1. Looking at this structure, is residue 178 assigned to a loop (DSSP other than H, G, I, E, B) and either under 19 Å from residue 242 (Cα atoms) or open to solvent by less than 30 Å² (accessible area, probe 1.4 Å) (or both)?
2. Quick check on the stretch 102-117. Is at least one of its residues aromatic (Phe, Trp, Tyr), at pLDDT below 95, outside any loop (DSSP other than H, G, I, E, B) and surrounded by 14 or more Cβ atoms within 10 Å (Cβ to Cβ)?
3. If we scan the stretch 168-175, do we find a residue that is in contact (Cβ under 8 Å) with a residue 12 or more places away in the chain and farther than 27 Å from residue 38 by Cβ?
4. For residues that are open to solvent by 60 Å² or more (accessible area, probe 1.4 Å) and either in contact with a Gly (Cβ under 7 Å, 6 or more places away or on another chain) or in a loop (DSSP other than H, G, I, E, B) (or both), tally how many sit in the stretch 189-237.
5. Looking at (1) farther than 15 Å from residue 73 by Cα; (2) within 20 Å of the chain's Cα centre (by Cα); (3) among the polar types (S, T, N, Q), which is the one condition that is false for residue 135?
6. Just checking, how many residues over the stretch 1-18 are crowded, with 20+ Cβ neighbours inside 10 Å and modelled with pLDDT under 95?
7. Go through the stretch 279-300 and count every residue that is assigned to a helix (DSSP H, G or I), of a type outside the set (Val, Ile, Thr), closer than 24 Å to residue 180 by Cβ and touching a residue at least 12 places away in the same chain (Cβ under 8 Å).
Amino acid sequence: MNLPNIIDYDFGITAIDAQYHRPGRAAIHLIVENGVAALIDTGTQFSVPGVIQILQNKQLAPEKIAYVFLTHIHLDHAGGASEFMRLLPNAKLVVHPRGAKYMINPAKLIAGVMAVYGKAEFKRLYGEISPIDENRVLEAPDETRIDLNGRPLLLLDTPGHARHHYCIFDERSQSFFTGDTFGVSYRELDVDGLEFVFPTTTPVQFDPEAAHASLNRIMSYQPQYAFLTHYSRIGHLPHHATQMHDLIDAFVNIANQAANKTAERHEFIVQALKDLLCQRLAMHGCTWSPTEIYELLRVDIELNAMGLETWLDQSEKSNKL
């Protein structure tokens with residue numbers, strides 16, 4: 001087994017590569033507090049063996065994992081949850097109230113994703129997803145407080161990317177674990193220590209107003225760092241919050257420009273997102289060619305375009321009511 005890459009930070013925080021699509025695309029975060037631990041997001045079923053091996057290497061017995069937190073239930077964040085719960089006998093699964101029922105009975109969640117990818121591709125990407133005993137599922141409404149062996153964690157309802165999304169404020173490190181609420185930032189695009197961050201508008205619940213509000217709520221705590229699932233720790237948060245607000249509006253503007261296009265709507269949005277991100281990356285100091293940038297961001301751009309189209313369709317429906 002190839003061990004996943006890990007990054008050990010201060011305050012007992014480790015990023016473990018979820019080995020999803022490619023190295024450096026998705027991180028599972030581990031917090032250890034005096035010998036007791038929690039995982040934040042789970043990757044897929046295929047992420048689990050590597051994480052278990054890392055826990056062994058760190059001399060953390062499976063019984064010492066107290067919580068598995070799901071920032072939201074998109075399967076690159078939650079697909080490995082049932083396998084982790086099988087292997088971690090004392091862990092509670094902490095999930096947003098809107099997502100809990102889909103972890104307890106995942107049939108609808110699986111069917112929805114299979115409808116997009118097909119059965120074979122679903123199995124290849126995510127593996128097996130099983131029901132989780134509801135007695136081990138802890139619903140986390142807004143401002144839920146969790147004590148991790150004396151370490152306070154505060155969970156805030158943060159919609160915008162998804163309605164079943166929370167972020168976790170870790171008082172000890174003065175950091176947020178943000179899932180997808182604070183966007184995506186791949187380490188390959190760092191320039192002179194400054195990260196590049198952009199929104200993720202994945203189908204089907206993108207809500208720009210909520211996304212702005214959630215960013216403002218995170219920043220009201222004046223955090224030092226954000227730990228993103230895609231990919232791990234970023235600093236310079238006031239700068240990135242400003243950029244994120246601007247890019248959310250720019251993404252919405254692209255969607256609105258595409259509203260009257262029919263056959264070529266998706267292609268228009270993809271190209272406009274590609275042009276926008278290439279332009280912003282050049283301003284950021286990135287010297288990659290547009291081809292190289294698109295190769296790295298192709299999946300994100302496609303998903304963002306699909307999410308913006310879904311948002312457009314939903315906006316048009318509500319305007320007709």
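The values are calculated or read from the model by the stated rules, or taken from the named source; none is laboratory data. Because the structure is predicted, anything quoted here is derived from the model rather than measured. Glycine also receives a Cβ, built like all others from the backbone with ideal geometry; neighbour counts cover every protein chain displayed. For the accessible areas, the whole protein counts, side chains as well, though only heavy atoms, and no ligand, DNA or RNA atoms are used. Shrake-Rupley method; radii C 1.70, N 1.55, O 1.52, S 1.80 Å.
1. Considered against the rule, which asks whether it is assigned to a loop (DSSP other than H, G, I, E, B) and either under 19 Å from residue 242 (Cα atoms) or open to solvent by less than 30 Å² (accessible area, probe 1.4 Å) (or both), residue 178 comes out as no.
2. yes
3. No, the stretch 168-175 contains no residue that is in contact (Cβ under 8 Å) with a residue 12 or more places away in the chain and farther than 27 Å from residue 38 by Cβ.
4. Looking only at that region, the number is 9.
5. Condition (2) is where residue 135 drops out.
6. 1
7. Count: 7.
So that you can scan it fast, the table gives a plain yes or no per residue for (1) open to solvent by less than 40 Å² (accessible area, probe 1.4 Å); (2) closer than 20 Å to residue 200 by Cβ:
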residue	(1), (2)
239	no, yes
244	yes, yes
262	no, no
268	no, yes
286	yes, yes
298	no, yes
308	yes, yes
